[in-house]
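Take a look at the structure below.
The values are calculated or read from the model by the stated rules, or taken from the named source; none is laboratory data. What you see is a predicted model; the values in this text were computed from it and never measured. Backbone-built Cβ (ideal geometry, glycine too); neighbour counts: all protein chains shown.
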Amino acid sequence: MDIYKSLKEEAYEANIEIPRRNLAIYTWGNVSAFDPEKSVFAIKPSGVVYEKLCPDSMVIVDLDGRVVDSKLNPSSDTETHRVLYREFSGIRGITHTHSVYAVAWAQARLPVPVFGTTHADHGAEEIPCTPIMGKEAVQNNYELETGNLIVETFQKSNINPAEMCMVLVAGHGPFTWGKTAAQSVYHAAVLEEVCKMAHLTLSLKAQTESLPEHIIRKHWERKHGKNAYYGQKG
Ligand SMILES: [Zn+2]
């Protein structure tokens, strides 16, 4: 019996959601699903197109970076996922894509301001963008340092990864996470829409102000606050 069967299935289902949501073409994206009890995650194999994936092709990696179950090599971004699982406690899924609008903001090296309630429903502050990575870090261990860069960006600005589940890596693209692999893909899709809306907003009015704090708080709190009332009970 495969003890990783359900974790592989979770990762597989989340990975095939990437092309379904038009978040990446070819192999430009990957999702992982984390099992905190076993301390392993299942991740997309490297360089395999989405149509050729199956649950059994997911690669199981532990938090020390060892491949513990696989016939294939894991995604080249595995080290980034590993750093985030180690440093951001409570996250159970990570998605990386090259979706167009999110990449455009990452390439412009800009955080995404909170212009409207679509953004505020999913985060009460701007979506952070990391600084560009230095030469030494790139040459040292690029994918691991990408994870470190994300963690440092959150620590320096005192951002809580449980409340801001999205980041833009400067010059590269978005990483998102969530309480499940599926939720991390949902956040990747939300991020792409928010980036597109922000871009269109600025193209209409370059000096657009951020949404006032009282509206940001209202939208964030009604979905995520102590007395949240959005959606159905039960
Ligand atoms: Zn990438």
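For the reader, a short list of remarks on this structure follows.
- Unique match (being more than 16 Å from the ligand (Cβ to nearest atom), β-branched (Val, Ile, Thr) and either surrounded by 13 or more Cβ atoms within 10 Å (Cβ to Cβ) or farther than 28 Å from TYR85 by Cα (or both)) among THR176, THR180: THR180
- Residues within segment 122-147 that are of a type outside the set (D, E, K, R), assigned to a helix (DSSP H, G or I) and under 18 Å from the mean Cα position of the chain (by Cα), tallied: 4
- Of the residues in segment 55-76, none is closer than 28 Å to LEU204 by Cα, assigned to a loop (DSSP other than H, G, I, E, B), without any contact (Cβ under 8 Å) to a residue 60 or more places away in the chain and in contact with a Ser or Thr (Cβ under 6 Å, 6 or more places away or on another chain).
- Any pair with Cβ under 6 angstrom, 6 or more apart, that starts in segment 98-125 at a residue that is in contact (Cβ under 8 Å) with a residue 12 or more places away in the chain and on the phi > 0 side of the Ramachandran plot and ends at one that is small (Gly, Ala, Ser) and within 16 Å of the ligand (Cβ to nearest atom): ARG109/ALA170
- Sole exception among (1) at positive phi; (2) touching a Phe, Trp or Tyr at 6+ places or on another chain (Cβ under 9 Å) for ASN158, by number: (2)
- Annotation: of all residues in segment 184-234 being at pLDDT 95 or above, polar (S, T, N, Q) and not in a helix (DSSP H, G or I), the one that is surrounded by the fewest Cβ atoms within 10 Å (Cβ to Cβ) is GLN207.
- Candidates ALA106, ALA24, ALA42, filtered to the one that is outside any loop (DSSP other than H, G, I, E, B), within 16 Å of the ligand (Cβ to nearest atom) and either of a type in the set (Val, Ile, Thr) or buried (at least 16 other Cβ atoms within 10 Å of the Cβ) (or both): ALA106
- Checklist (1) in a helix (DSSP H, G or I); (2) closer than 19 Å to ILE43 by Cα applied to HIS119, failing item: (2)
- Count of segment 88-103 residues, restricted to those that are under 12 Å from VAL194 (Cβ atoms) and assigned to a loop (DSSP other than H, G, I, E, B), is 1.
- Tally, over segment 59-103, of residues that are away from the ligand (no atom under 13 Å from the Cβ), within 22 Å of VAL49 (Cβ to Cβ) and crowded, with 21+ Cβ neighbours inside 10 Å: 5
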